[in-house]
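**Q** Encoded as structure tokens, here's the structure I'll be asking about.
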Amino acid sequence: MTKNSKFILNDPLIDEQHSALQDSLCALQALHDRHLSDEKVVDCLTRISHQLHQHFLSEEALMARVGVPADELAIHKNEHFRILEEMADLHYSIMRGHLSWVADVQHKISNWVSEHLRLFDAPIAPYINKANRD
Ligand SMILES: [Fe+2]
Ligand SMILES: [Fe+2]
């Protein structure tokens with residue numbers, strides 16, 4: 001994921017959260033050659049976890065508001081939960097010393113996020129656009 005790959009869903013809060021998350025992933029990428037115990041890295045990973053939690057709650061509320069069908073919403077929520085679990089596993093691996101360098105984790109997190117945007121968030125756009133028109 002690069003800073004230029006703008007991803008717009010036409011909801012101000014969600015677009016701002018996606019953009020802030022992208023900024024944090026770029027900041028993490030810039031620290032690629034640092035050790036995971038580096039204070040800046042710990043701050044960055046903590047910020048990303050916090051952003052993901054907040055963003056998923058906002059996005060799930062938005063999906064309910066714009067009329068995403070219950071079964072689609074449930075699948076999407078499940079995917080958010082899976083990403084949070086992957087993040088928790090990653091933190092656990094870091095704590096146990098199984099991973100050492102930013103490059104070990106940056107790619108994983110960026111992939112989870114960019115795949116999620118493409119496969120799960122992009123399909124919400126029509127619901128948001130319809131709600132914006134109504
Ligand atoms: Fe999502
Ligand atoms: Fe999202």
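The values are calculated or read from the model by the stated rules, or taken from the named source; none is laboratory data. Not measured: the values here are computed from a predicted model. Quick reminder, even Gly has a Cβ in these numbers, built from the backbone with ideal geometry, and neighbours come from all protein chains shown. All accessible areas refer to the heavy atoms of the entire protein, side chains included, with ligands and DNA or RNA removed. Shrake-Rupley method; radii C 1.70, N 1.55, O 1.52, S 1.80 Å.
**Q** Picking from LEU73, VAL113, ALA125, whose Cα lies most toward the positive end of the charge dipole for segment 53-134 (charges on Cβ: Lys, Arg +1; Asp, Glu -1)?
**A** Positive-most Cα among the choices belongs to ALA125.
**Q** Further, regarding this structure: Nearest 10 degrees is fine. How inclined is helix 102-116 to the longest principal axis of the chain, computing both from alpha carbons?
**A** Computed tilt is about 10 degrees.
**Q** Could you check the spin-label model distance between ASN129 and HIS32? Points 7 Å from the Cα along Cα→Cβ, value in nm.
**A** Between ASN129 and HIS32, the simple spin-label model gives 3.5 nm.
**Q** Another one. Tell me, in nm to one decimal, what length is gained between HIS50 and TRP101 on full extension, where the rule is 0.36 nm per residue of separation less the Cα-Cα distance?
**A** Numbers: separation 51, 0.36 × 51 = 18.36 nm, distance 2.07 nm.
Value of the extension gain: 16.3 nm.
**Q** Can you send over the carbon and sulfur percentage of the accessible area for the chain, probe radius 1.4 Å, protein chains only?
**A** Details: 4280 of 7700 Å².
Here carbon and sulfur together make up 56 percent of the probe-accessible area.
**Q** Report, by chain and number, residues whose modeled amide H sits under 5 Å from the one on TRP101, excluding near sequence neighbours (fewer than 5 apart, same chain).
**A** Here the answer is LEU36, since their amide H atoms fall under 5 Å of that of TRP101.
**Q** Mind checking the angle between helix 12-30 and the chain's longest principal axis? C-alpha axes, 0 to 90 degrees, to the nearest 10.
**A** With both axes taken from Cα atoms, the answer is about 20 degrees.
**Q** ILE8 label point, 7 Å along Cα→Cβ, cut-off 16 Å on backbone N: hits in segment 110-134?
**A** The answer is 122, 125-126, 128-130, 132-133.
**Q** By how many degrees, 0 to 90 and rounded to 10, does the Cα axis of helix 70-95 deviate from the longest principal axis of the chain?
**A** 10 degrees
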